[in-house]
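Everything below concerns the one structure shown next.
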Amino acid sequence: MDSVLKAEKITKEFGGLTAVDNITFSADKGEILGIIGPNGAGKTTVINVISGILPLTGGNITLKERQISDMPPHDRSRLGISRTFQTVRPLEKFTAMENIMVGALFGRELTKNKARERAESICDFLNLDRTDAHVDNLTVLELKKLELGRAMASEPEILFLDEVMAGLNSSETNEMIELIRKIKDRGVAVCVVEHVMKVVSELTDRVIVLDRGEIIARGRYEEVSKKEEVIAAYLGEEEENAED
Amino acid sequence: MKKYAFYLILLLLAVAFPFYIDGYLLHVFLTIFIFMTMALSWDMMLRTGQLSFANAGFFGMGGYVSMVTVSSLEIDPLLSLIFAVVFAAAVAFILGLPVLKLRGIYFAIVTLALAHVFEVIAMNLEITGGSTGMVLPEAIFGGDMQLLYWLVLGMALLTIGISEFFARSRMHYAMHSIRNDELTAQASGINVSRTLIIVFVTSSALQGLAGAIYVQQYAFVLPESTFSLDYLLLPIAMALVGGTLSTAGPVVGAIFLGLISEYLRLIMPYGHLLIYGLVIAVIILFMPGGIYKPVRNIILNRILNLGGAS
Amino acid sequence: MKISPQRSKLYLLLLLIGIVILGFWSPRALIFGLQRGSLYALIALPLALVLGIMDILNLSHGELLTVGLYLGYVLAINLGLDPLSSIIPVFVALAIFGGVIYMIAIKRVLGGGHLNQLLLTFGISIVLIESVNIIWTSRPRNIHVDYAGQSVEIMGITTGSYEFLYIFAAVAVFLLLRLFLKKTKLGQAVFAVGQNPKGAKIVGINVDFVYLFVFALASGLMGLTASIMLPRVSIFPETGNPFALISFSLVAMAGMGSINGILFAGISLGLAEAAVNSIPGYGGWSDIVFFGVLIIVIMAKNL
């Protein structure tokens, strides 16, 4: 298994707050890595830092042996890092198809025609039918597929999915799980940040558990979910919620 | 096909204007085309999501550079236009690098402040004639209105061409993606700062060109009139009234508002601007998307019977 | 956009240092700067209020001042009303005027995009300037009152005494506004709407009325300032224009939604302007100082 992405001792500080603290992990081709942990653990920040939207305070990121820690987000996208956003952010000016084309036009720098072809094949792959619909008219599932499609359009080496199952019902979740498996089979390294544990256990090959910016456990979900520290971290979250 | 025929006819009409329209009306259209250039160039920045108030600044800058190069280097006014464009583009590039990192109202206000800085500089340097401005012995083309008209028409067509280029190339996707959601744009591989710089430099260069040509008409510059807020506000009004984020909108808006203000000025020596302001206010209140689409639909559907939806 | 307490203390300290230095170098510039700065702050405050609570940048802001000036002029000429006594009538009249403008026009674009709001207020501004032009022509008007021409001697310098009123008025208005927002029920409602209009509505606050009130209040304040400025300014249709630009700049410098910052920003700029003006031969460049400081501050805060 080749390591596509290596994050070595990455740290992200905001003023006095350390959101990500000295984390090291790697993601391999053809596997699905889960990043889990209670709210506020720093999961989305990890994605933001790896995709380049936020600058690193410390540490190194390499993509296929290449140092990318100082690269701006658009360059990282072109080199093969894609991500979806927790809150779906469709581009309102464009139709569903055009939204996906954007990923192909800039992530892969295809011509307009090639980009359209690629977008069409992605829509097929995702079972996204109403490609000329305006984004206002799309359902939640369609919007999620849109995000996914746009991220896929740049032909990524590694794909980060930030809580993509949120808001989906049971059958929609299953459809998503299938799609993600197919993506993995295409050779893309997939990293899912998830809160829905059923999904994590079904989908992931292994997980890392974050709490307060640190990795407190790693391994297969079945083993990790039984560990004391992990349970404690989630319970701590429940307690905080109860106190509110 | 019918659409292109329609445009071609309009183009031929416009080119042929000087042959059958008299000096006064010709001058009206000349001014409309200058403002059309300003309105379109402003709209280009808007498509990237940035509200710029620098129009009048680059307009004035272009005018002054043109005048100064003619008077100091004794070159032909036509050549001075090139200086104006290059200078405006260069300044836009250098200033754009830091300033384009700002967003929203901060960007707007800094561009407004920069425009005023340009004005103050023009008002205080000796070479620009200070607060009394500059006058040249001769206007461009010796004052030949026809040639001037074609020059201005050419500039307007160039601007329309650039606007359409932006709309049909991948720039279209880059610009509107940045406008809709900058994070998504970045994550999709769009180089936001490069896109913004390209558009900013282009629109500033066009504004500089417009200013240079306008000023050479009269061979005269004066800080408060060459940098007048009119060159900021009227183009914006035209773009908004016609419909922003498109090529046709600012074009239609410039013609519409330009003709209305001229008509009003004729029939009401006093108070025409008042009606003008009311027109703007009323259109915003009742047709906020601009008049272009509704009017186009009426023309296409009812008059030309081309059918089809909007 | 709130500045942290440490930051604002730093700014305050810098301002005080600047005041002291200027005081030694050119006491005249210090006095003049404080006066002008207070005036700028007074004029910018209503704009900041409307922007902070209603999220509208009112491009016709300067014209409210102009209208107030003309109103004060009319009262002085026709009724012999002394400018300072006309403060209350002009305040009320402008408040009503602002309320009417709000109801006819501004209210409708509240939800729409910022561009539409800008264009609408721009249209209103043209309508106001031109109306004033038609009624009174562009010939500058002036009001002369004896007490406005008095001088006083401070630190060995003879200077006009009237403009100290600006400083007094600015401080008074700011303090009163703060008290209003914190201590009165209506004020707290206004503050709440500014923070979170949807939340305020849920809690039962009549957001519509609050908006009307804020716009009317802001207009009234412009009237108040106009009355105070009346004896010292030349009145013509474009009088309000330069002040509008200064107001926009102050609002941007102080940060959107920061009302206290306006006072400091205004005074800082008044001082900077006066300082440059007092350098012989560089008077014409004082505008650049203004814009230069503005640009630097905005860039520093946002990059």
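Between residue B:194 and residue B:268, what FRET efficiency comes out of the Förster formula 1/(1 + (r/R0)^6) with R0 = 41 Å and r the beta carbon distance, rounded to 0.05?
Numbers: r = 48 Å, r/R0 = 1.18.
The value I calculate is 0.25.
Given the convex hull of the Cα atoms of the range C:22-65, what is a quarter of its surface area in nm²?
Values: hull surface 14.8 nm².
Averaging across all directions leaves 3.7 nm² for the Cα convex hull.
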* When only Cα pairs under 8 Å and 6 or more residues apart are kept, what is the percent relative contact order across chain C? -> 39 percent
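At a threshold of 8 angstrom on Cα-Cα distance, excluding pairs fewer than six apart, so keeping six or more, what relative contact order does the range C:150-303 reach in percent? Numbers along the way, then the final one.
On the way: 74 pairs, mean separation 18.1, N = 154.
Computed value for the range C:150-303: 12 percent relative contact order.
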* Asked: Plugging the Kirkwood radius over Cα pairs into Stokes-Einstein for the range A:78-171, at a temperature of 37 °C and a viscosity of 0.692 mPa s, what D comes out in µm²/s?
  -> 252 µm²/s
* So how far apart, in nm, are the two label points at residue C:104 and residue A:125 if each is 7 Å from Cα heading toward Cβ? -> 5.9 nm
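Which FRET efficiency value, to the nearest 0.05, is calculated for residue B:4 and residue B:287 with the Förster distance at 22 angstrom and r the Cβ-Cβ distance?
Working: r = 27 Å, r/R0 = 1.25.
The value I calculate is 0.20.
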* For the range A:10-125, would you read off the P(r) tail past 17 Å as a percentage of all alpha carbon pairs? => 64 percent
* **Euclidean distance between Cα centres, the range B:218-280 to the range C:29-61, Å** => 29 Å
* Whole number please: convex hull volume per residue, Cα atoms of the range C:1-80, in Å³. => 132 Å³
* To do: May I ask for the distance between the Cα centers of the range C:63-83 and the range A:7-32, given as a whole number of Å?
  => 66 Å
* To do: Rounded to the nearest 0.05, what FRET efficiency do residue A:11 and residue A:113 give with R0 = 45 Å and r taken as the Cβ-Cβ distance? Could you check?
  => 0.55
* Structure fact -> Sorted by chain and then number, the residues having a modelled amide H within less than 5 Å of the amide H of residue A:29, at least 5 places away or on another chain, are A:2, A:4
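How high is the relative contact order of the range B:2-309, in percent, with contacts defined as C-alpha pairs under 8 Å that are six or more residues apart?
Numbers: 451 pairs, mean separation 92.4, N = 308.
Here the relative contact order equals 30 percent.
Beyond 50 Å, what percent of the Cα pairs of the protein assembly as shown remain?
Values: 101367 of 366796 pairs.
In whole percent, the share of Cα-Cα pairs in the protein assembly as shown beyond 50 Å is 28.
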* Structure fact -> Filtered hits (aspartates and glutamates, Cα-Cα < 15 Å from residue A:6, offset >= 8 within chain) -> A:28, A:31, A:65, A:70, A:157
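What is the sum of charges, Lys and Arg at +1 and Asp and Glu at -1, for the other residues whose Cβ falls under 10 Å from the Cβ of residue C:208? Mind dumping the intermediate values first?
Working: positive: C:107, C:201; negative: none.
Residues near residue C:208 contribute +2 overall.
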* To do: Using Cα centres only, tell me the gap between the range A:100-121 and the range A:155-213 in whole Å.
  => 24 Å
* Dividing the alpha-carbon radius of gyration of chain B by 2.2 N^0.38 Å (N being the number of residues), what value is obtained? -> 1.00
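Exceeding 19 Å between C-alpha atoms, which entries from my cross-link table qualify? They are A:93/B:101; A:9/B:101; A:184/A:227; A:198/A:227. Working shown, then result.
Values: A:93/B:101 23 Å; A:9/B:101 30 Å; A:184/A:227 28 Å; A:198/A:227 17 Å.
Check vs 19 Å cut-off fails for A:93/B:101; A:9/B:101; A:184/A:227.
Translational diffusion coefficient, Stokes-Einstein: compute it for the range C:186-276 using the Kirkwood radius over C-alpha pairs as Rh, at 10 °C and 1.306 mPa s, and state it as an integer in µm² s⁻¹. Don't jump to the answer; show the numbers that get you there.
Values: Rh = 15.5 Å.
Translational diffusion coefficient: 103 µm²/s.
Quote the charge dipole size of the protein assembly as shown about the Cα centre in Debye, to the nearest 20; the model charges only the Cβ of Lys and Arg (+1) and of Asp and Glu (-1). The partial results should precede the final answer.
Numbers: 62 positive and 68 negative charges, 119 e Å.
In total the dipole reaches around 580 debye.
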* Asked: Which residue, C:93, C:172, C:29, tops the fluctuation ranking in a GNM of chain C built on C-alpha contacts under 10 Å?
  -> C:172
* Can you give the extra length, in nm with one decimal, that the chain gains between residue C:153 and residue C:202 once fully stretched, where that is 0.36 nm per residue apart less the Cα-Cα distance? -> 12.0 nm
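I need the Kirkwood Rh of chain A: take the reciprocal of the average 1/r across all distinct C-alpha pairs and report it in angstrom. Spell out each step's value before the answer.
Values: mean 1/r = 0.0545 Å⁻¹.
The Cα-based Kirkwood calculation yields 18.4 Å.
If I take all pairs of Cα atoms in the range C:5-298, what percentage of them are more than 22 Å from each other? Spell out each step's value before the answer.
Values: 25637 of 43071 pairs.
In whole percent, the share of Cα-Cα pairs in the range C:5-298 beyond 22 Å is 60.
At 20 angstrom or more along the helix axis (alpha-carbon based) and mean Kyte-Doolittle of 1.0 or higher, what helices does chain C contain? Whole DSSP H runs only. Please report the intermediate quantities before stating the final value.
Working: long enough: C:5-25 (30 Å, 1.42); C:27-54 (40 Å, 1.46); C:61-79 (27 Å, 1.20); C:87-104 (25 Å, 2.57); C:114-136 (33 Å, 1.39); C:164-183 (28 Å, 1.93); C:207-229 (33 Å, 1.83); C:240-254 (21 Å, 1.47); C:260-277 (26 Å, 1.23); C:286-302 (24 Å, 1.86).
Helix filter hits for chain C: C:5-25, C:27-54, C:61-79, C:87-104, C:114-136, C:164-183, C:207-229, C:240-254, C:260-277, C:286-302.
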* Mind listing the long-range amide H neighbours of residue A:207? Cut-off is under 5 Å, sequence gap 5 or more, other chains count too, H placed in the peptide plane at 1.01 Å from N. => A:34, A:219, A:220, A:221
* Could you tell me which helices of chain B pass both thresholds, a Cα extent of 27 Å or more along their own axis and a mean Kyte-Doolittle hydropathy of at least 0.5, with helices taken as whole DSSP H runs? => B:23-47, B:77-99, B:104-124, B:145-168, B:192-218, B:248-267
* Where is the GNM fluctuation largest for chain C (alpha-carbon springs, 10 angstrom cutoff): C:103, C:222, C:54? -> C:103
* Asked: Which of C:104, C:262, C:246 moves the most in a Gaussian network model of chain C with Cα springs under 10 Å?
  -> C:104
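On average, how much area does the Cα convex hull of the range A:1-60 cover when viewed from any direction, in nm²?
On the way: hull surface 17.0 nm².
Seen from a random direction, the Cα hull of the range A:1-60 projects 4.2 nm² on average.
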* Structure fact -> SASA check, residue B:197, accessible area w/ 1.4 Å probe, all protein chains in place, rounded to nearest 10 Å², comes out at 20 Å²
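The values are calculated or read from the model by the stated rules, or taken from the named source; none is laboratory data. Note that the structure is predicted; figures quoted are calculated from it, not measured. Glycine also receives a Cβ, built like all others from the backbone with ideal geometry; neighbour counts cover every protein chain displayed. For accessibility, only protein heavy atoms count, side chains too; no ligands or nucleic acids. Shrake-Rupley method; radii C 1.70, N 1.55, O 1.52, S 1.80 Å.
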